[in-house]
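Participant: Have a look at this one.
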Amino acid sequence: MSVDPAIDPSAPPSGPGCVECEQSAGWWVELRRCATCGHVGCCASSPGQHATGHYRDTGHPVMRTYEPGGDWWWDYRTSDYTSGPDLAPPLHHPEDQPTPGPVGRVPANWRDLLAE
């Protein structure tokens, strides 16, 4: 099986949370990891939608969930699920980090603030 050239299995994740949300003291619903460069961004339901923004800015088309227990992949080129090889660890954010997260920054009315 050949590996999609948009996937670099050796690229480590950029950190335990969304890069842009961490810089702006924002919050996220769930996290996604770029399979090309390891950038961790927030999902399309999050206010910032930084994983989608990363795709738009870089053209890196394949994301993997960065949630504990998850193993699905998304390809923005096809707007559909896909698959890929094992990636460099860790495969998810720390288990003690809640979803949504991070601790202390998620507003009590977060469900009312979800992106459509």
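Derivation of every value follows stated rules applied to the coordinates shown; laboratory data play no part. This structure is a prediction, so every number in the text was calculated from the model and none was measured. No Cβ is skipped: glycine too gets one built from the backbone with ideal geometry, and neighbour counts run over all protein chains shown.
Participant: Would you pick out the residues in region 1-56 that are of a type in the set (Phe, Trp, Tyr) and either assigned to a loop (DSSP other than H, G, I, E, B) or free of Cβ contacts under 8 Å to residues at least 12 places away in the same chain (or both)? Spell out the reasoning first.
Facilitator: Taking region 1-56 first, the residues of a type in the set (Phe, Trp, Tyr) are 27-28, 55.
Result: Trp27, single match.
Participant: Now for a different question. Does Arg77 count as under 22 Å from Ala6 (Cβ atoms), in contact with a strand residue (DSSP E or B) (Cβ under 6 Å, 6 or more places away or on another chain) and not small (Gly, Ala, Ser)? It would help to see each step written out before you state the result.
Facilitator: Details: under 22 Å from Ala6 (Cβ atoms): yes; in contact with a strand residue (DSSP E or B) (Cβ under 6 Å, 6 or more places away or on another chain): no; not small (Gly, Ala, Ser): yes.
It is false that Arg77 is under 22 Å from Ala6 (Cβ atoms), in contact with a strand residue (DSSP E or B) (Cβ under 6 Å, 6 or more places away or on another chain) and not small (Gly, Ala, Ser).
Participant: Say we look at region 45-57 and pick out the residues that are small (Gly, Ala, Ser) and within 20 Å of Ile7 (Cβ to Cβ); which of these is surrounded by the most Cβ atoms within 10 Å (Cβ to Cβ)?
Facilitator: First, the residues of region 45-57 that are small (Gly, Ala, Ser): 45-46, 48, 51, 53.
Restricting the remaining residues to those that are within 20 Å of Ile7 (Cβ to Cβ) gives 51, 53.
On the way: Ala51: 28, Gly53: 14.
Ranking the qualifying residues of region 45-57, first place goes to Ala51.
Participant: Right, something else. Looking at region 32-43 only, could you name the residues that are touching a strand residue (DSSP E or B) at 6+ places or on another chain (Cβ under 9 Å) and either surrounded by fewer than 19 Cβ atoms within 10 Å (Cβ to Cβ) or under 18 Å from Pro9 (Cα atoms) (or both)?
Facilitator: Kept after step one, since they are touching a strand residue (DSSP E or B) at 6+ places or on another chain (Cβ under 9 Å), are these residues of region 32-43: 32-36, 39-43.
Arg32, Arg33, Cys34, Ala35, Thr36, His39, Val40, Gly41, listed by residue number.
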